[in-house]
1. Would a scan of region B:72-79 turn up a residue that is over 15 Å from the mean Cα position of the chain (by Cα) and under 30 Å from A:Gly30 (Cα atoms)?
2. Under 7 Å between Cβ atoms, which residue pairs at least 6 apart in sequence (or on different chains) link something in region B:1-17 that is within 16 Å of B:Pro57 (Cβ to Cβ) with a partner that is modelled with pLDDT of 90 or more and part of a loop (DSSP other than H, G, I, E, B)?
3. Give, as residue ranges, the strands (runs of 3 or more DSSP E) completely inside chain B that count at least 3 residues that are of a type outside the set (Phe, Trp, Tyr) and within 14 Å of another protein chain (Cβ to nearest Cβ).
4. If a residue must be exposed (fewer than 10 other Cβ atoms within 10 Å of the Cβ) and either small (Gly, Ala, Ser) or touching a His at 6+ places or on another chain (Cβ under 7 Å) (or both), how many such residues does region B:33-63 contain?
5. Quick check: is even one residue across region A:150-173 of a type in the set (D, E, K, R) and without any contact (Cβ under 8 Å) to a residue 12 or more places away in the chain?
6. Test A:Ile103 against the criterion of being buried (at least 22 other Cβ atoms within 10 Å of the Cβ) and over 16 Å from A:Ile48 (Cα atoms), and give yes or no.
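The values are calculated or read from the model by the stated rules, or taken from the named source; none is laboratory data. Here the structure is a predicted model, which is why all the values come from computation and not from measurement. As a convention, Cβ positions derive from the backbone with ideal geometry for all residues, glycine included, and neighbour counts pool all protein chains shown.
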Amino acid sequence: MTSQEALYKYTLRLGDTSLILAQRLSEWTGHGPFLEEDLALTNIALDIFGRGKSLLEYAAKLEGKGRTEDDLAFFRNDREYFNALITEQPNGDYAKTIIRQAIIDCFDLMFYTELAKSKDATLAGIAEKSIKEISYHKRHSFSWVNRFGNGTEESLTRLQNGLNEIWPYAGELFEMNEIDAVLISEGIAVDLNALKSLWEKEISQLIAKANLVQPESTYAHTGSRKALHSEHLSYILAEMQSIPRMHPTAKW
Amino acid sequence: MSNDSQGPLWEVFLQKKAGQPFVHCGNLHAYDKEMALQNARDLYTRRNEGMSIWVVPSSAIVASSPEDMGSFFEPANDKIFRHPTFYQIPDGVGHM
């Protein structure tokens, strides 16, 4: 694999992960638990959409086939998407959405802090801009985990159920393949092995503070690095892509 | 969405720049201080409206009531001597 090809696929993976997470989060728009929180999560989804747009724009440029970020977003099928499986999992109740977000925010803050040191100037620039946004997202999701965990019996139960459901999808965030190997050797990609123990430590602390029980299973679903997805992605894409596919030449 | 599911009301004050007064800009619902601060950030500072935020529980604000208007404010109406307009400011003082 050439390094140009690896960089394209790496950027696509990051862009897809942001795009699908943002699309999932935006399902809460207008359905949040109350007005202020509705706005907060919508803001967060918008930040992540913005990051996804920058990444897919760069991926399209790297691909060099004249496609745009919109082409990549709206005219690829599920077997061409490389978003992490955790991002396509259903929102569930607010507690599940929040614990998924906390798990991802914790990972993303570490990841993009490292990516900001990348030798690829564009990726480093996008990462640098994202760090402040993700710091805020993490503050938001972590404080909600604490609130649910130290709230009522029901809020704790819902949070625990959400954690149990989402936990088997966290491990895949750290999966690497030949794309990572090529780019790590060039100082472009982040070595995910180096982040794992830091992430585990921080998540364990969060779990303890929120009175949660860490799931014992170490089983991790896998597949997204090969564009193999759970059944949920096709539904997300159907909703996200139907209008542009119906009106491919429309401008907005 | 019933009232009691949104948490208590908080008043939000924003400071545009360091040194300027905090100005009341609205209110919001939140269950605790951290949530109130985060909600204020999301609701009132999306377009760079401020550099610093105060949130205060609405219940902590003591307000005069409309009935107080007469006794509170009318006595000031006929006391124009309270305005500093009855003496000349020497030129040397410049802008005050």
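1. So the first thing to find is which residues in region B:72-79 are over 15 Å from the mean Cα position of the chain (by Cα), and the list is B:72-79.
Going one step further and asking which of them are under 30 Å from A:Gly30 (Cα atoms), we end up with none.
Looking for residues that are over 15 Å from the mean Cα position of the chain (by Cα) and under 30 Å from A:Gly30 (Cα atoms), one finds none in region B:72-79, hence no.
2. Listed by first residue and then by second, the contacts come to B:Gln6/A:Phe34; B:Gly7/B:Ala30; B:Gly7/B:Tyr31; B:Trp10/B:Ala30; B:Glu11/B:Ile61; B:Phe13/B:Phe22.
3. B:9-15, B:23-29
4. So the answer is 2.
5. Yes, region A:150-173 has at least one match.
6. Spelling it out, it is not the case that A:Ile103 is buried (at least 22 other Cβ atoms within 10 Å of the Cβ) and over 16 Å from A:Ile48 (Cα atoms).
Here is a yes/no grid of residues against (1) touching a strand residue (DSSP E or B) at 6+ places or on another chain (Cβ under 8 Å); (2) at pLDDT 95 or above; (3) surrounded by fewer than 11 Cβ atoms within 10 Å (Cβ to Cβ); (4) not aromatic (Phe, Trp, Tyr):
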position: A:Lys209; (1), (2), (3), (4): no, yes, no, yes
position: A:Val213; (1), (2), (3), (4): no, yes, yes, yes
position: A:Glu216; (1), (2), (3), (4): no, no, yes, yes
position: A:Thr222; (1), (2), (3), (4): no, yes, no, yes
position: A:His229; (1), (2), (3), (4): no, yes, no, yes
position: A:Tyr235; (1), (2), (3), (4): no, yes, no, no
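Residue by residue, here is whether (1) within 14 Å of chain B (Cβ to nearest Cβ); (2) of a type in the set (Phe, Trp, Tyr); (3) surrounded by fewer than 15 Cβ atoms within 10 Å (Cβ to Cβ); (4) at negative phi holds:
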{"position": "A:Gly151", "(1), (2), (3), (4)": "yes, no, no, yes"}
{"position": "A:Thr157", "(1), (2), (3), (4)": "no, no, yes, yes"}
{"position": "A:Glu165", "(1), (2), (3), (4)": "no, no, no, yes"}
{"position": "A:Pro168", "(1), (2), (3), (4)": "no, no, no, yes"}
{"position": "A:Met176", "(1), (2), (3), (4)": "no, no, no, yes"}
{"position": "A:Ala194", "(1), (2), (3), (4)": "no, no, yes, yes"}
